[in-house]
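Only the coordinates and a few stated rules stand behind these numbers; no lab work does. This is a predicted model, so every value here is computed, not measured. Here the Cβ positions follow ideal geometry from the backbone for every residue, glycine too, while neighbour counts run over all protein chains shown.
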Amino acid sequence: MFGIGVLKGMAVTFKNFVESYYKKERLTTIEYPEKRLAEKERFRNFPFLIFDEKPEDPRCVACDICAKECPPQCITIVRAQDAQGKPLKKPATFDIDYSICMNCGVCEEVCPFDAIFMDHEFELAEYGRFEDLNYTIDRLLKPKEHFMKIRPTDATRIEAELKKKENAKKAAAEKAAAAAKAKAEAAKTQASQVPDTKPETKPNEPAQPADPPAEAK
Amino acid sequence: MDQLFVHIDQAIIHWAQAVLPDWMAVIVAMKIPIVAIAIFGPVTMMYLTLIERKLLARIQNRFGPNRVGKFGLLQPLADGVKMLTKEDIVPEKADKIAHLLAPILIVIPALLVFAVLPFGRNMIAVDLNIGVLFFLAMSGTTTLFIFTAAWASHNKFSLLGGMRSVAQMISYEIPFVLSVVPVLVVVGSFSTVAIVEAQPGLHWFVFTPWGAVGFFIFFICAVAEVNRTPFDLPEAESELVAGFHTEYSGMKFALFYMAEFMNVFTVSALVATVFLGGWQGPILPSWVWFLLKTYTLILIMMWFRGTFPRLRADQLMGFAWKFLLELTFVNIIVAAIWYEMRSPLNHLTAAAILIVTIIVLFQFNKTEIPKKRIYKYAYAD
Ligand code: SF4
Ligand code: SF4
């Protein structure tokens, strides 16, 4: 109670008070709506769906993996069908309920088609409790340029991988086409030696599916 | 400039005399200071809350309220609207009448004491010849309503807060009143105007030895009187939820708040009047000087709040009874000696006596730290 400690304490608070007016490190607050911190690239919030050229063709193939993996089960996917009732490789509905989503990023991790990514958008408050917080596909879809903008490192890596895969696929297709062509030509020229390639692959094929049942037992 | 408000007052009275019948003109003349105080008090309170929040924020390296209006200047209005629209909850077992009356009545003494404050030359609502006494008596009744509120709430935390408030009031009222006595001895009057006029120019009482000590005691007791940190035991939020106003919400709570802040203002104003020369001061208009001193003291109170932790109940009591009380007694005698002796000698004598007293009291009040015990074991040595 008595003594110099009282004055010392007051000097400390006075210093804090005065310095908060001109020292940056004293007053670290950023006045948010007007000023904001630069976004960190690895910041992740709510997921979005990516599309390459047109929003009608999202990358998502409606495989339902993310919906199954999502811990709070907030993704609802219905696969699109064509006129004949044949399932298509794209979603008809893709809803994420933001009131349930816990922003964990599991959906991004598990998607095998690099179709869903975590966004930087965090100002997601809404007036309605149910409809407004249910993000339908048209609100979720964003172009791949957006992804490139918010997370350049990840985007370049993933794009490069995709391109590699595509190139490989193309190369394989070309090879297959070339092979088929060659085969056809060969078949044309050597019409008598038909069963040439088929026996080579056949012994391998049954060996693979035979293993899992053996383990399961 | 100095007599600005006085001239406004007279202009209104002249106008009233010209336009209205005589009896109404008299009523208007009477009502002007009342209306002025009734507006000034609450507005001061509203903006004191803002100043306090801003100041504490800066002490804690934050911005404080800055969303409503420029620099948060409309924040008090927003708070007021919020308070008014809030649900008023009365506990089921509460004493309904007392629960309602306490917050209303607590504002009355807080407003009444404005009447005897000299805001500037000729700027006083009523120049009572017992002004200081009136002030002390009125501000003393605040505790009564705090206890009423505490009792009526039917809540143990409220009651504890109320009890603490009473105990604190009894302890601090004595040095509070006694520390003004030296001034009364020297001035020879209870009137606040006379006290201010006895300190012309820069001859404020705080520059005399007994005045400095008296100011120190009076200010500390004033802080304790209005229940502010570090003496805020009645509403200690970390111990008693919210102390005596635990069970209050909405406008009733706001009234308690209003009373507290108006008390802060009036008590600072009284300290400024009695020891800092009131509106006396060179160059600036008198009311500017008065407000300057008052607000300086208020800011110091807020600075205290930003700095000190709350006292323990026994420390609080001990400080009042074992230190302040003795010092005030000695101070009265010193003031009398100072008054009787001639100029250079009286300052020296007074200062010497006071310094010796303070040192002695310090020695007596030293907290005893028990020596570290050393255990001796049978097998040692
Ligand atoms: S987002 Fe990915 S995991 Fe989810 S359904 Fe579409 S393709 Fe499958
Ligand atoms: S971020 Fe997590 S919770 Fe949200 S949709 Fe993806 S998997 Fe579900």
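General remarks:
- Take every pair of alpha-carbon atoms less than 8 Å apart whose residues are at least six positions apart; their mean separation over the length of chain A yields a relative contact order of 19 percent.
- Average beta carbon contacts from partner chains per residue of B:56-63, 10 Å cutoff: 6
- Only one residue of B:Gly250, B:Pro209, B:Ser238 has its Cα farthest out toward the positive end of the dipole of the stretch B:159-287, where Lys and Arg carry +1 and Asp and Glu -1 on Cβ, and that residue is B:Pro209.
- Whole-number percent relative contact order across chain B, with pairs defined as alpha carbons under 8 Å at least 6 apart: 20 percent
- The H on the amide N of A:Cys60, modeled in the peptide plane, is under 5 Å from the matching H of A:Ile50, each at least 5 residues off or on a different chain.
- Spatially close lysines, pair count over the stretch B:78-364: Cα under 25 Å, gap of eight or more or interchain: 10
- By the rule of a C-alpha distance below 26 Å, with chain neighbours fewer than 8 residues away ignored, the lysines paired with A:Lys183 are A:Lys165, A:Lys169, A:Lys170, A:Lys175, A:Lys198, A:Lys202.
- Neighbour count of at most 13 Cβ within 10 Å plus DSSP loop: longest chymotrypsin sites (Phe, Trp or Tyr not before Pro)-free window in chain A: A:131-217
- The protein assembly as shown: antiparallel DSSP beta bridges as a percent of all, rounded to 5: 80 percent
- Under DSSP loop assignment and at most 16 Cβ neighbours within 10 Å, longest GluC sites (Glu not before Pro)-free interval of chain A: A:132-217
- For the stretch B:1-84, the set of chymotrypsin sites (Phe, Trp or Tyr not before Pro) satisfying both a DSSP loop assignment and a count of at most 15 other C-beta atoms within 10 Å is given as B:Phe63.
- Given chain B, longest segment not containing exposed loop GluC sites (Glu not before Pro) (DSSP; at most 10 other Cβ within 10 Å): B:93-367
- Annotation: aspartates and glutamates with alpha-carbon distance below 17 angstrom to A:Lys68 (same-chain offsets under eight excluded): A:Asp95, A:Asp97, A:Glu108, A:Glu109, A:Asp114.
- Value of [θ]222 nm, deg cm²/dmol, for the protein assembly as shown, DSSP H segments ≥ 4, -39500 (n - 2.57) each, nearest 500: -19000 deg cm²/dmol
- Coupling constants for the stretch B:333-345 follow from the phi torsions by the Karplus curve (6.51 cos²θ - 1.76 cosθ + 1.60, θ = phi - 60°), and in residue order they are 4, 4, 4, 5, 4, 4, 5, 7, 8, 8, 3, x, 5 Hz; glycine and proline get x.
- Lysines with Cα under 16 Å of A:Lys40, excluding same-chain neighbours fewer than 8 positions away: A:Lys149
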